[in-house]
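All remarks here apply to the structure that follows.
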Amino acid sequence: MPRNTKKRQGKARKSKKKDLVASTPELSQQEMSTSTSKTESVVPSVVKQKVIFEPNPGPQTRFLAATEQEVLYGGAAGGGKSYSLVADPVRYFSNPHSRMLLVRRSTEELRELISVSKQLYPQAVPGIKFMERDKTWVAPNGSTLWMSYLDRDDDVMRYQGQAFNWIGFDELTQWPSPYAWSYMRSRLRATKASGLPLYMRATSNPGGPGHQWVKKHFIDPGTPNNPFWATDENGETIKWPVGHSREGEPLFKRKFIPATLFDNPYLSEDGMYEANLLSLPEHQRRQLLEGDWDINEGAAFPEFNRRIHVIDPFEIPGNWLRFRACDYGYGSYTGVVWFAVAPGSEQLIVYRELYVSKIIATDLADMILDIESEERVRYGVLDSSLWHNRGDTGPSLAEQMIMKGCRWRPSDRSKGSRVAGKNELHRRLQVDEFTEEPRLVVFSSCTNLISQLPSIPLDKRNPEDVDTNSEDHLYDALRYGVMTRPRSNIFDFDPAAQRTGFQASDPTFGY
């Protein structure tokens, strides 16, 4: 090849290198030298994209990544819950089949969510439009998000015939009953060809008119951040219906994801918002700052604290005094609790519970005797109304149980006994100044008692008593038990020797 031709090609290569380097001014000197190596490779520039929303590490990220059908993101105030609920639907705007719904209890409460969505959606979804009259976001491909209200139970009829692949409830405890939440589950559907998952999402702080049912649905059945099979209002697992190919199998899962102020650095850094929450009354502070679901406004036992009164189960020594107490009901629920008395401190330990419905008295007696077959239970106390003969001549329910060998003595139901029992329970929940432990603790396996006790409200007409219309069956059993003057005594007899072939001569006391 002629020498002048080589020179021209060399100049052309050098000129090309200069042009490439000049077009990437952000490259460092080291990168420039790399680009002129023997392979003459060029390091391309990295175009930085604008991040519109990035979830905080921890609960907010877990909420957006959850795959369970129903998820509650709740707990303390300031955890970034509402913003997460607005951000979650963004991923589905890319699917033209997506139909979504986000509700608050009233139209006025929607304003904040709409304001946040107007900051986020136009940046995340170019070309999206907000139809002010219908309160609906419409993406260019036709996917929609309807932002609406659901005030009364009758308002669910506004959504009859509608189908949504994603439904969000902001501040779920503002709904006093689970009716709206349960009904809207029937609106959750999408065609198989759409490829869309079906999700219901909710956010809430503890407290509010719906505190108890939300707690029963999302908090009590499982542990935070772990999925569990969904249950209905009666605590029964929701299953596939009869006739379906999956008949009897659990239907879907739920999850509760807790969050606190400290999971949101944008609010917690300067400490001002924390200081404001610290200034609230105790029950509001525990709800909004600590995210404590075990306390509710108007609760009869605000001193109950899961961290203090709930302990891990352990093997109770055989020489500790044990007894049981029962509040019986066939149409509603029967609650039975078993106690052990710690020698020396006289601390009461609730180590077992039985919570059943639609069980006749004789079957209950068999169940109790079977449970106690390896134990020494000194005595049992039963609602005294079960000794009443209501116009018939046959044995009372208490006598039927005693004749089975399940012995009881009647509870105190005299005038003032309810108030006295409540006061004794308050005393038992206090921390003893000498032992520095509460006078009553509960095994963590007694999930129903742990759920019900902190949620029982006061009677509005008589603040010295609890509301008898609430779910109080295990509370009544607990009250009967603590009022029996339980004490540990080295001279306690062995009841096992009294059971075999035992015949009750007194149908009231069972001996």
Filtered residue count, segment 424-448, keeping only those that are surrounded by fewer than 21 Cβ atoms within 10 Å (Cβ to Cβ) and in contact (Cβ under 8 Å) with a residue 40 or more places away in the chain: 16
Condition broken by HIS97, with the remaining ones in (1) out of contact with any helix residue (DSSP H, G or I) (no Cβ under 8 Å at 6 or more places or on another chain); (2) open to solvent by 90 Å² or more (accessible area, probe 1.4 Å) satisfied: (1)
Number of the exception - SER148 against (1) assigned to a strand (DSSP E or B); (2) in contact with a Gly (Cβ under 9 Å, 6 or more places away or on another chain): (2)
Output for segment 205-232, where each listed residue is touching a residue at least 60 places away in the same chain (Cβ under 8 Å) and either at positive phi or surrounded by fewer than 15 Cβ atoms within 10 Å (Cβ to Cβ) (or both): GLY207, ASN225
Complete set of residues in segment 142-172 that are open to solvent by less than 50 Å² (accessible area, probe 1.4 Å), without any contact (Cβ under 8 Å) to a residue 60 or more places away in the chain and in contact with a helix residue (DSSP H, G or I) (Cβ under 7 Å, 6 or more places away or on another chain): SER143, LEU145, MET147, LEU150, VAL156, TYR159
Any hit, segment 80-99, residues being basic (Lys, Arg) and under 23 Å from the mean Cα position of the chain (by Cα): yes
Of all residues making up segment 406-431, the number that are modelled with pLDDT under 90 and either within 25 Å of VAL310 (Cβ to Cβ) or not acidic (Asp, Glu) (or both): 4
Residue in segment 37-60 that is touching a strand residue (DSSP E or B) at 6+ places or on another chain (Cβ under 7 Å), at pLDDT below 95, within 20 Å of ASN226 (Cβ to Cβ) and not polar (S, T, N, Q) present: yes
Residue match in segment 66-84 (condition: open to solvent by 40 Å² or more (accessible area, probe 1.4 Å), part of a strand (DSSP E or B) and either of a type in the set (D, E, K, R) or in contact (Cβ under 8 Å) with a residue 40 or more places away in the chain (or both)): no
Residue match in segment 344-364 (condition: in contact with a Gly (Cβ under 8 Å, 6 or more places away or on another chain), part of a loop (DSSP other than H, G, I, E, B), surrounded by fewer than 20 Cβ atoms within 10 Å (Cβ to Cβ) and modelled with pLDDT under 85): no
Residue that is surrounded by the fewest Cβ atoms within 10 Å (Cβ to Cβ) [pool: residues in segment 173-193 that are touching a Ser or Thr at 6+ places or on another chain (Cβ under 9 Å) and of a type outside the set (A, V, I, L, M)]: GLN174
Residue check, ASP383 acidic (Asp, Glu), surrounded by 15 or more Cβ atoms within 10 Å (Cβ to Cβ), farther than 20 Å from PRO313 by Cα and modelled with pLDDT of 90 or more: yes
Sole exception among (1) open to solvent by 60 Å² or more (accessible area, probe 1.4 Å); (2) modelled with pLDDT of 90 or more; (3) more than 21 Å from ASP432 (Cβ to Cβ) for GLY329, by number: (1)
1 or more residues at pLDDT 70 or above: qualifying helices (runs of 4 or more DSSP H) within segment 263-316: 272-278, 282-288, 306-309
Residues located in segment 106-150, provided they are on the phi > 0 side of the Ramachandran plot and in contact with a strand residue (DSSP E or B) (Cβ under 6 Å, 6 or more places away or on another chain): LYS135
Top-ranked residue of segment 95-117 - restricted to ones that are touching a residue at least 60 places away in the same chain (Cβ under 8 Å) and not aliphatic (A, V, I, L, M), ranked as farthest from SER82 (Cα to Cα): HIS97
Out of PRO178, PRO206, PRO140, sole residue that is within 17 Å of VAL71 (Cα to Cα) and touching a Gly at 6+ places or on another chain (Cβ under 7 Å): PRO206
Scan of segment 166-215 for residues that are of a type in the set (A, V, I, L, M) and assigned to a loop (DSSP other than H, G, I, E, B), ordered by number: ALA190, LEU196, LEU198
Residues of segment 388-408 satisfying the condition of being surrounded by 18 or more Cβ atoms within 10 Å (Cβ to Cβ), touching a residue at least 40 places away in the same chain (Cβ under 8 Å) and assigned to a helix (DSSP H, G or I): LEU397, ALA398, GLU399, MET401, ILE402
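The values are calculated or read from the model by the stated rules, or taken from the named source; none is laboratory data. Just so you know, these numbers come straight off a predicted model, no measurement behind them. Quick reminder, even Gly has a Cβ in these numbers, built from the backbone with ideal geometry, and neighbours come from all protein chains shown. In case anyone asks, the SASA skips ligands and DNA or RNA and just uses the protein heavy atoms, side chains included. Shrake-Rupley method; radii C 1.70, N 1.55, O 1.52, S 1.80 Å.
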